[in-house]
Amino acid sequence: MAKNIMHYDTVSLDDENSALVIIDQTQLPGNVEMLSLTEQKDIWEAIYLLKVRGAPAIGVAAAIGVYLAAKNIKAKDYPTFYEEFKAAKDYLATSRPTAVNLFWALDRMENVVKANKELPVDEIVKLLHDEAVEIREEDIRVCRAIGEYGLTLIKDGDGILTHCNAGQLATVKYGTALAPIHLGVERGMNFKVFTDETRPLLQGIRLSSFELHSNGVDTTVICDNMASQVMKNGWVQAVFVGCDRVAANGDVCNKIGTSGVAILAKHYGIPFYVCGPTSTIDMSIAHGDDIPIEVRPDHEVTEMWYSKRMAPEGVKVYNPAFDVSDNSLVTAIITEFGIARAPYDKSLKEIFAKKEAASKK
Ligand code: MRU
């Protein structure tokens, strides 16, 4: 019997071989292939090409990546070390623009360097190792906490619709939007999950349905344009999605197509839940309109996955990778510090106050 994908590490550090180890998600579900990446350009490309993807997993990969870059720096004087570290950080930061976890994790790593400038470079590198490992470990704890809060919102037997993949494959363990389902399964609960195909890169059909089915969950794949019908049939009691960046007012940026699902959920009176760690909430951005939206190459729409090109040569293509769901469509935002509800400008501040208080304990 095939090994459950939940038993693989999505993203980890092989310190002995100075490598970032990931599941190559572009090969799923057909091949479970692990990649061991040692070169910065390969780590950059793995993020850009979505070999490792999902906001939290991108953050962890970048933290490990920049640690590996620091480990390779020959300079022993702080100014040269910092300059080379900063160049490596800035390079990885250009791999994708939308998921704020990439910048959050890289900034955390830079803060370690800046806060310890009086130490010998070798010591700083050790601290960078510890920070990368902590960012990875923290992700597991955070996702489990999100799962626990999410589980309070659903009951055994519920139908759940999800978009893209915000599961274990998008994090270190459990996922965000799929964490309540995985935790429920651990406790013997059953859900009926509908996974949107998620055009154009097919994270729903290739990754979410694979992850859920592999873990024994009753999973039904639907094309993106079928969500309305499934909701109308009364088969969906809740929508659970992840997020790439949440603005301070609760506007949610997630995989393209999410806002359509949110609008449908509102129409049918179905709760629309967004699950995300506080590392995905960007309190420096007031409004969803200010979130940078990645636009990806045309061929992902016109030919990728098809045996031959499906669009006439020369036709224009628009391929935004993310969209923003207005906060009025969001029933709740589920974080590791609790469940935020409207008005989000107030409730998200309360979540961060809880985070601040927990960091002082
Ligand atoms: O382009 P992707 O596959 O990286 O987009 C992923 C998503 O949109 C996820 O929903 C989001 O990152 C949350 S993952 C826990």
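Each reported figure results from applying straightforward, stated rules to the coordinates on display, with no laboratory input. From a predicted model like this one, the values you see are computed outputs, not experimental measurements. Neighbour counts run over all protein chains shown; Cβ positions are idealised from the backbone, glycine included.
Here are a few things to note about the model shown:
- Scan of segment 272-293 for residues that are assigned to a loop (DSSP other than H, G, I, E, B), of a type outside the set (A, V, I, L, M, F, W, C) and more than 14 Å from the ligand (Cβ to nearest atom), ordered by number: 284, 287
Residue-wise test of (1) buried (at least 17 other Cβ atoms within 10 Å of the Cβ); (2) in contact with a Cys (Cβ under 9 Å, 6 or more places away or on another chain); (3) assigned to a helix (DSSP H, G or I).
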| position | (1), (2), (3) |
| --- | --- |
| 106 | yes, no, yes |
| 112 | yes, no, yes |
| 126 | no, no, yes |
| 134 | no, no, yes |
| 146 | yes, yes, yes |
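- Residue in segment 105-127 that is within 17 Å of the chain's Cα centre (by Cα) and within 16 Å of the ligand (Cβ to nearest atom) present: yes
- Checked across segment 29-36, the condition of being touching a residue at least 12 places away in the same chain (Cβ under 8 Å), hydrophobic (A, V, I, L, M, F, W, C) and within 25 Å of residue 279 (Cα to Cα) holds for no residue.
- Once segment 183-205 is narrowed to residues that are part of a helix (DSSP H, G or I) and small (Gly, Ala, Ser), the residue that is farthest from residue 242 (Cα to Cα) is 184.
- Flag if residue 99 is crowded, with 20+ Cβ neighbours inside 10 Å, in contact (Cβ under 8 Å) with a residue 12 or more places away in the chain and farther than 21 Å from residue 127 by Cα: yes
- Inter-residue pairs, beta-carbon under 8 Å, first acidic (Asp, Glu) and in segment 155-178, second more than 7 Å from the ligand (Cβ to nearest atom), 6+ apart: 156/184; 156/189; 156/190; 156/191; 158/191; 158/192; 158/237; 158/238
- Tallying residues that are in contact with a strand residue (DSSP E or B) (Cβ under 7 Å, 6 or more places away or on another chain), assigned to a loop (DSSP other than H, G, I, E, B) and within 16 Å of the ligand (Cβ to nearest atom) within segment 148-166 yields 3.
- Residue in segment 173-182 that is within 13 Å of residue 157 (Cα to Cα), more than 10 Å from the ligand (Cβ to nearest atom), over 19 Å from the mean Cα position of the chain (by Cα) and not in a strand (DSSP E or B) present: no
- Test: residue in segment 226-237 that is touching a residue at least 60 places away in the same chain (Cβ under 8 Å) and assigned to a strand (DSSP E or B): no
- No other residue among 45, 39 is closer than 30 Å to residue 275 by Cβ, charged (D, E, K, R) and either over 19 Å from the mean Cα position of the chain (by Cα) or surrounded by fewer than 16 Cβ atoms within 10 Å (Cβ to Cβ) (or both) apart from 45.
- Output for segment 28-73, where each listed residue is out of contact with any helix residue (DSSP H, G or I) (no Cβ under 6 Å at 6 or more places or on another chain), more than 15 Å from the ligand (Cβ to nearest atom) and not polar (S, T, N, Q): 30, 32, 34, 35, 39, 41, 42, 68
- Residues (among the β-branched types (Val, Ile, Thr) and within 16 Å of the ligand (Cβ to nearest atom)) located in segment 208-267: 239, 241, 246, 252, 256, 258, 261
- Exactly one residue among 139, 122 is acidic (Asp, Glu) and under 30 Å from residue 300 (Cβ atoms), and that residue is 139.
- Filtered by the rule that a residue be within 17 Å of the chain's Cα centre (by Cα) and β-branched (Val, Ile, Thr), segment 183-211 gives 195, 198, 205.
- Residue that is surrounded by the most Cβ atoms within 10 Å (Cβ to Cβ) [pool: residues in segment 322-361 that are in contact with a Ser or Thr (Cβ under 7 Å, 6 or more places away or on another chain) and over 23 Å from residue 154 (Cβ atoms)]: 322
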